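The values are calculated or read from the model by the stated rules, or taken from the named source; none is laboratory data. No experiment lies behind these values; they were computed from the predicted model shown. When we count neighbours, we look across all protein chains shown, and the Cβ atoms used for this are built from the backbone with ideal geometry, even at glycine. We work out accessible area using only protein heavy atoms, side chains counted, and drop any ligands, DNA or RNA first. Shrake-Rupley method; radii C 1.70, N 1.55, O 1.52, S 1.80 Å.
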Amino acid sequence: MLYAVLCYNTEDVTSAWTKEEDDQVMRDLTAVQRKYVEAGKLGPVARLLPTTAATTLRHRPGETVVMDGPFAETKEQLLGFYLIDCVSLDEALDFARELSAANPAAGSYEIRPLSLYKPSELAT
């Protein structure tokens, strides 16, 4: 089963890190990732740019609006995500726990099973 592990934190906290602090966090996270890469379980990993670089398209019947920034009003922002192939939710939770231990900032990790579709399967 593929899982998305979505990483959330307060952008003010992570953007306040010095380059050295940020580099250290990335090295620590890479150390966690390495064993999953070597086991062939880790798929794409993405670190998102700050929400100030985001654009949101909001659609309602009869109206489509494009606006700067994220649409959701939350205290934490989605900072990035991992795709990981695990035999169970427990294995995905173990991965998220290891990421959490490697990250000095308080935050949260949302683990969601994925249902993948190939464009060719959607054609009628």
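Scan the chain and hand back the longest stretch that contains none of the GluC sites (Glu not before Pro) lying in DSSP loops with at most 16 other Cβ atoms within 10 Å.
1-72
Which one, TRP17, LEU116, CYS7, projects farthest toward the positive side of the charge dipole computed for the chain from Cβ point charges (K/R +1, D/E -1)?
LEU116
Would you mind checking which residues have amide H under 5 Å from THR10's amide H? H placed 1.01 Å from N; only 5 or more apart, or other chain.
Those lying under 5 Å, H to H, from THR10 are GLN77.
State, to one decimal in nm², a quarter of the convex hull surface area for the C-alpha atoms of segment 1-53, i.e. the direction-averaged projected area.
That works out to 4.5 nm², a quarter of the Cα hull's surface.
Given (i) -0.40, -0.48, -0.74, -1.06; (ii) -0.53, -0.59, -0.77, -0.97; (iii) -0.38, -0.45, -0.67, -0.96 as candidate values of log10 I(q)/I(0) by the Debye sum over Cα atoms at q = 0.10, 0.11, 0.14, 0.18 Å⁻¹, which corresponds to the one derived from the coordinates?
Of the listed options (i) -0.40, -0.48, -0.74, -1.06; (ii) -0.53, -0.59, -0.77, -0.97; (iii) -0.38, -0.45, -0.67, -0.96, (i) comes from this structure.
Using 1/(1 + (r/R0)^6) with R0 = 41 angstrom and r between the beta carbons of GLU63 and TRP17, what's the FRET efficiency to the nearest 0.05?
The calculated FRET efficiency here is 0.55.
To the nearest 500 deg cm²/dmol, what mean residue ellipticity at 222 nm is calculated for the chain from DSSP H runs of n ≥ 4 alone, each contributing -39,500 (n - 2.57), summed and divided by the residues?
Here the helix-only value at 222 nm equals -10500 deg cm²/dmol.
Taking θ as phi - 60°, what are the ³J(HN,Hα) couplings along segment 4-18 by the Karplus curve (6.51, -1.76, 1.60), each to the nearest whole Hz, with x for Gly and Pro?
9, 10, 9, 9, 10, 6, 7, 4, 4, 6, 6, 6, 7, 5, 6
Pulled fully out, how much extra length does the chain show between LYS75 and GLU91, if you take 0.36 nm times their separation in residues and subtract their Cα-Cα distance?
Extra length from LYS75 to GLU91 when fully extended: 3.0 nm.
List, in order, the whole-Hz ³J(HN,Hα) value for each residue of segment 23-32 obtained from phi through the Karplus relation with A = 6.51, B = -1.76, C = 1.60 and θ = phi - 60°; use x for Gly and Pro.
4, 5, 4, 5, 5, 5, 5, 4, 5, 5
Calculated FRET efficiency, GLU38 and GLU110, Cβ-Cβ r, R0 22 Å, to nearest 0.05?
0.30
What's the magnitude of the charge dipole for the chain around its Cα centre, counting Lys and Arg as +1 and Asp and Glu as -1 at the beta-carbon? Answer in Debye, nearest 20.
320 debye
Roughly how many Å² is the accessible area per residue of the chain, as a whole number, for a 1.4 Å probe?
Result: 69 Å² per residue.
For the chain, what's the relative contact order in percent, using C-alpha pairs closer than 8 Å and at least 6 residues apart?
47 percent
What percentage of the solvent-accessible surface of the chain, computed with a 1.4 Å probe over protein heavy atoms, is contributed by carbon and sulfur atoms?
Carbon plus sulfur share of accessible area: 56 percent.
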